[in-house]
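A short worksheet on the structure shown next.
No value in this document is a laboratory result; all are computed from the given coordinates. Because the structure is a prediction, the values reported are computed rather than measured. Positions of Cβ are generated from backbone atoms using ideal geometry, with glycine treated the same way; all protein chains shown enter the neighbour counts.
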Amino acid sequence: MTAKKKKSVVNIEYSRESTRDLLGRQSVRTTFKLTERSIDALSILAGQLGIKQKSLFDHLIDDDTALRMIAKESESYQAPPQRVAKTYVISRRTLQNLEKISSRYQAPRDALVELSIERILPLISQEKEKHGKRKELLQEMRRLVADGKQLLTRAEDALDQDDPVYRKIDQMMKAVKGCCDEIEDCVERGRKVEEF
């Protein structure tokens, strides 16, 4: 690559829109008063999906159409008596969108957030169902590991440890045991969804 081509690639100018987009992605901290149920729902679903709460929060609030519908419905919203102040890290754009809709529809920010979180409750039900299936599969994996140990013991009794068949069975069982351990970790991480 010539020096001229390198220089032109480096000197790309960003438009104001690109700069605004980058600034909109900045993280900000903001506090909402939410029910424990909503706080737990956000935390559990983010954990189950393996994403950050910020990403899930941004996804919920950035959906302008859904947020407007929620704002219109929020007139009948009765704030629960037991709410907890919870600080979240969200993108600047998400906060601006939330405040814009809140102002336009005269809907409290906390109500918009609470009702937005309610939209994910069906996903938690689906994750709860999947978690039950994972637990069943884990039990089958444990039986497979136990059967594999017996097979490895029989192979050790019948063959010496330098035998290629014994080595393959041993190698296979180490891989299966490793996978089983990873599945156990996955199921353990999902235990929170059982209690929701």
Exercise for review: Over all alpha-carbon pairs in region 70-120, figure out the percentage whose distance exceeds 13 Å.
Suggested key: 61 percent
Review point. Say the cut-off is 24 Å between C-alpha atoms; which of Lys54/Lys128; Lys33/Lys133; Lys86/Lys130; Lys72/Lys130; Lys54/Lys86 go over it?
Key: Lys33/Lys133; Lys86/Lys130; Lys72/Lys130
Revision key, fill the gap. When the charge dipole of region 128-195 is computed with +1 at the Cβ of Lys and Arg and -1 at the Cβ of Asp and Glu, the Cα pointing farthest to the positive end, of Ile183, Gly132, Leu159, is that of Gly132
**Study point:** Relative contact order (%) - criterion: Cα under 8 Å, at least six apart; region: the chain
**Key:** 26 percent
Review point. Per residue Cα convex hull volume for region 128-195, in cubic angstrom?
Key: 64 Å³
